[in-house]
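Note sheet for the following structure.
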Amino acid sequence: MDREFDSSLLHPQASRTFPSDLLAVVALAIVSGIVVHFPGSTLALPRALLALVYVLLLPGYAFVSALFPRRGPCLLDRTNDSKFALLERFALSVAASIILVTFVGFLVVLSPVLLSATPLIVGLTVVTIGTSILAHVRRRTLPAAERFEISTDGIRARVADSLGWERNFETVINVVLVLS
């Protein structure tokens, strides 16, 4: 086990910085849990879409992030194509979410708590936040160059390049947000 020591682990800011993808997962889990638990009659479609993301993606993404904290090649063809690696993570996230939702459901059924939506929502949120924290801890033990991360700048650049908006991306996004 000949690993180099990552001096960024000693930096206090490095230990406090929670990765943006995991922070988004935790925030979405909390918001989704609240929105799904307290139904609103006028927001049926957005609530259903948020519930699907909450059940079919978030727990699995956090779990897959905890299992695979390292940046790596595509699992299928061993290329360094990050686009396919992200697709694999997404597919694994959906499969893991189905397994985790089933597991939480079994725990709720076997517990003395009355079977209702509340224990399921709380259980999923706890699993999602717990595995996100575990993923953060596992990523933090790796050297910075080996950590998996989703770069928001990279996503912004890909979208801007594909749509031909090299310079005015923020302006277009602001206009879309105002219009929506």
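Values for this structure:
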read-out: Close pairs from region 98-110: first assigned to a helix (DSSP H, G or I), partner of a type in the set (Gly, Ala, Ser), Cβ under 8 Å, at least 6 apart; value: Ile98/Gly60; Ile99/Gly60; Leu100/Gly60; Val104/Gly123; Leu107/Gly123; Val108/Gly123
read-out: Among (1) under 17 Å from the mean Cα position of the chain (by Cα); (2) at pLDDT below 80; (3) open to solvent by 60 Å² or more (accessible area, probe 1.4 Å); (4) not polar (S, T, N, Q) - the single one Ile150 does not satisfy; value: (3)
read-out: Residue match in region 56-72 (condition: open to solvent by 30 Å² or more (accessible area, probe 1.4 Å), among the small types (Gly, Ala, Ser) and free of Cβ contacts under 8 Å to residues at least 12 places away in the same chain); value: no
read-out: Residue list for region 115-138, restricted to those being more than 14 Å from the chain's Cα centre (by Cα) and touching a residue at least 40 places away in the same chain (Cβ under 8 Å); value: Ala117, Thr118, Ile121, Val122, Arg138
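So that you can scan it fast, the table gives a plain yes or no per residue for (1) among the polar types (S, T, N, Q); (2) modelled with pLDDT under 90; (3) surrounded by fewer than 19 Cβ atoms within 10 Å (Cβ to Cβ):
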| residue | (1), (2), (3) |
| --- | --- |
| Phe38 | no, yes, yes |
| Arg47 | no, yes, yes |
| Leu75 | no, yes, yes |
| Thr79 | yes, yes, yes |
| Leu87 | no, yes, yes |
| Phe106 | no, no, yes |
| Ser111 | yes, yes, yes |
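The values are calculated or read from the model by the stated rules, or taken from the named source; none is laboratory data. Predicted, not measured: the structure shown is a model, and the values here were computed from it. With ideal geometry, Cβ positions are generated from the backbone for all residues, glycine too; neighbour counts draw on all protein chains shown. Ligands, DNA and RNA are excluded from the accessible area calculation, which covers all protein heavy atoms including side chains. Shrake-Rupley method; radii C 1.70, N 1.55, O 1.52, S 1.80 Å.
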